[in-house]
Amino acid sequence: MNVLPSEATALLYLAVAVCFILALKGLSSPRTARRGNLIGAAGAAIAVVTVFLSARLENLPAILIAVAVGAAIAAPIARRVHMTQMPQLVALFNGVGGGAAALVAILELAAHDGAWVRAAVVFTLVVGAVSFAGSAITVAKLQELMTTRPVIFTGMRFAMTAVVVALLVAAVLVTATGNLVWASVLLLLGLAGGVLLVLPVGGADVPIVISLLNAFTGLAVAASGVVLDNVLLLVAGTLVGASGTILTRAMAAAMGRGVSGILFGAFRGGSTAGGGTVSERPVRASGPEDVAVMLGYAQRVVMVPGYGLAVSQGQHTIAELADALEARGVEVSFAIHPVAGRMPGHMNVLLAEANVPYESLREMAEVNPEFRNVDVALVVGANDVVNPAAKTSPGSPIYGMPILEVSDAGQVVFLKRSMRPGFAGIENELLYSPKTTLLFGDAKESLTRVLGAVKAL
């Protein structure tokens, strides 16, 4: 359309960049996350409108049809997705973004002769393809369309090395010649590289790889900004790449692992996916009335939410239980592990849905020294983030991961569906401790029964 002058376009792009920066700032805290999300959405809307008003668009009807079809598909999916499936949704969006950047790179290859621009095209093509294929594998793993355990095969290291060498050779050839045939080969090699990169990752490492692939997509988008001479794409892609990198490092630190260990740990037995075996040792199990007595007559209770709470959608029930205990004079708080659930902030968002006061949420470093003074630690659907094996078993897949020290509490109550291990696939010795009581069943149903028993005290 080319309605806006270049000066107005530049100012609007600057405003959009500021919106994206403010959005990231807002998303850094649960208190301001909703506002940050709205600011980011507003910035994206302004960016799209600016492009339509400032660029000379060919095939406008086809573009509008594509936008309408994409919105019709994405909006219902985003509205209906459960909190437990949010990492899959993020991975899906990452993959689509990376794939789009790769396709744009191929289409733009013939339009550029300069070696530096071709290098940017090659970078966009490779990283976008890796992000697309890798994200597809993470979605399949988390959605249990394939095994969540690491997948390795004989000669896999040599296959990965061969793909990397072939990628480098094809990249040089495409940069030098601009040949579309070699570009197609490069695309296929990038897809193969993405698959091989993610297959050896399993267990609780998968969400971390999603964050890493998010950073890859950002870099691909930034490079496509160079190819298309679009400052906004360059800025937005750089922000996504930087924030994704920071988040990946933070998640890896919360797991007590390095990024290389996450990607290649399975080759040396260092994945967070264990054997998944279940011991036949006896445990102490109780009914909801017994648990209610323990909680109702305690002075201080700390609740530890986990993935099982999210699956059962029991956040409103646990919030009501906390209110009922506080009405009896019990001090109640929630201990939040940085990677509890499937992504950072998962438990914060879940409890915010139930209007749990932010002041009641305690971060790991803050609450760990206080567990010695806690009468009862109520663990709801969490396992790996409280597993002492992270401190006591050097051969454990999660060894070195910081955990919530619930074992220091006077009594520990686990609400579990079964004795099945957590996402890391290893047993939790705390389940067999004399101070531990287990209440089996769906987390929401168990909480509802405990709540009823507390009210009847």
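The values are calculated or read from the model by the stated rules, or taken from the named source; none is laboratory data. Keep in mind the model is a prediction, meaning the values are calculated, not measured. Here Cβ is always computed from backbone atoms with ideal geometry, including for glycine, and neighbour counts include all displayed protein chains.
General remarks:
- Checking every residue in the range 36-44 against the condition of being at pLDDT 90 or above and closer than 26 Å to Leu191 by Cβ gives zero matches.
- Residue list for the range 328-338, restricted to those being touching a residue at least 40 places away in the same chain (Cβ under 8 Å) and either crowded, with 23+ Cβ neighbours inside 10 Å or in a strand (DSSP E or B) (or both): Ala335, His337
- Residue within the range 347-359 that is farther than 22 Å from Gly36 by Cα, part of a loop (DSSP other than H, G, I, E, B) and in the same structural domain as Arg300 (by TED's automatic domain parsing) present: no
- Residue within the range 263-271 that is at pLDDT below 85, surrounded by 15 or more Cβ atoms within 10 Å (Cβ to Cβ) and assigned to a loop (DSSP other than H, G, I, E, B) present: yes
- Subset of the range 367-391 [assigned to a loop (DSSP other than H, G, I, E, B) and surrounded by fewer than 19 Cβ atoms within 10 Å (Cβ to Cβ)]: Asp375, Pro388
- Condition check for Leu247: among the hydrophobic types (A, V, I, L, M, F, W, C), over 21 Å from Leu89 (Cβ atoms) and not in a loop (DSSP other than H, G, I, E, B): no
- Being farther than 12 Å from Val301 by Cα, out of contact with any His (no Cβ under 7 Å at 6 or more places or on another chain) and assigned to a helix (DSSP H, G or I) is true of Glu320.
- Taking the range 110-217 as the region of interest, the helices (runs of 4 or more DSSP H) fully inside it that hold 1 or more residues being touching a Gly at 6+ places or on another chain (Cβ under 8 Å) and among the charged types (D, E, K, R) are 115-142.
- The range 145-167 - residue that is under 17 Å from Val130 (Cβ atoms) and among the small types (Gly, Ala, Ser) and, of those, modelled with the lowest pLDDT: Ala159
- Checked against (1) touching a strand residue (DSSP E or B) at 6+ places or on another chain (Cβ under 7 Å); (2) farther than 20 Å from Val349 by Cβ, Val367 passes all but a single condition, namely (2).
- Within the option set Ser418, Ser396, being in contact with a strand residue (DSSP E or B) (Cβ under 9 Å, 6 or more places away or on another chain) and either in a loop (DSSP other than H, G, I, E, B) or surrounded by 18 or more Cβ atoms within 10 Å (Cβ to Cβ) (or both) holds for one residue only, Ser418.
- Residues satisfying the stated conditions in the range 238-262, i.e. modelled with pLDDT of 80 or more and among the β-branched types (Val, Ile, Thr): Thr238, Val240, Thr245, Ile246, Thr248
- Count of residues meeting criterion [assigned to a helix (DSSP H, G or I) and either buried (at least 18 other Cβ atoms within 10 Å of the Cβ) or touching a residue at least 40 places away in the same chain (Cβ under 8 Å) (or both)] in the range 11-50: 18
- Residue within the range 202-222 that is without any contact (Cβ under 8 Å) to a residue 40 or more places away in the chain, out of contact with any Leu (no Cβ under 7 Å at 6 or more places or on another chain) and polar (S, T, N, Q) present: no
Residue by residue, here is whether (1) surrounded by fewer than 23 Cβ atoms within 10 Å (Cβ to Cβ); (2) hydroxyl-bearing (Ser, Thr, Tyr); (3) modelled with pLDDT of 90 or more; (4) outside the structural domain of Thr148 (by TED's automatic domain parsing) holds:
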{"position": "Met294", "(1), (2), (3), (4)": "yes, no, yes, yes"}
{"position": "Val301", "(1), (2), (3), (4)": "no, no, yes, yes"}
{"position": "Pro305", "(1), (2), (3), (4)": "no, no, yes, yes"}
{"position": "Leu309", "(1), (2), (3), (4)": "no, no, no, yes"}
{"position": "His316", "(1), (2), (3), (4)": "yes, no, yes, yes"}
{"position": "Glu320", "(1), (2), (3), (4)": "yes, no, yes, yes"}
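- Filter result (buried (at least 20 other Cβ atoms within 10 Å of the Cβ) and either closer than 18 Å to Asp205 by Cα or at pLDDT 85 or above (or both)) within the range 348-365: Leu351, Val356
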